[in-house]
Amino acid sequence: MRVAASAVSGIGNGLLKAINVGVDPYTAANIGISNVIGWDLGSYQLLSNLVLTR
């Protein structure tokens with residue numbers, strides 16, 4: 001169930017980012033941090049979620 005929820009959330013956030021509508025604060029922070037460290041958003045958000053859920 002968590003995997004499905006993460007997939008739906010990721011698709012939704014990706015669409016919101018692509019059409020420049022805006023994203024939730026957590027994703028916005030992840031976008032900023034991933035840009036600063038030079039990672040793509042998906043990789044950084046995956047790592048961030050793994051750290052926070054363990």
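Numbers at a glance
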{"read-out": "Pair list, Cβ < 6 Å and 6+ apart or interchain, from the range 42-54 residues that are within 12 Å of Gly10 (Cα to Cα) to residues that are part of a helix (DSSP H, G or I) and of a type in the set (S, T, N, Q)", "value": "Gln45/Asn30"}
{"read-out": "Residue count, the range 1-40 (criterion: open to solvent by less than 60 Å² (accessible area, probe 1.4 Å) and in contact (Cβ under 8 Å) with a residue 24 or more places away in the chain)", "value": "1"}
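The values are calculated or read from the model by the stated rules, or taken from the named source; none is laboratory data. Quick caveat, the model's predicted, so the values are computed rather than measured. No Cβ is skipped: glycine too gets one built from the backbone with ideal geometry, and neighbour counts run over all protein chains shown. Quick note on the areas: whole protein, heavy atoms, side chains included, nothing else; ligands and nucleic acids left out. Shrake-Rupley method; radii C 1.70, N 1.55, O 1.52, S 1.80 Å.
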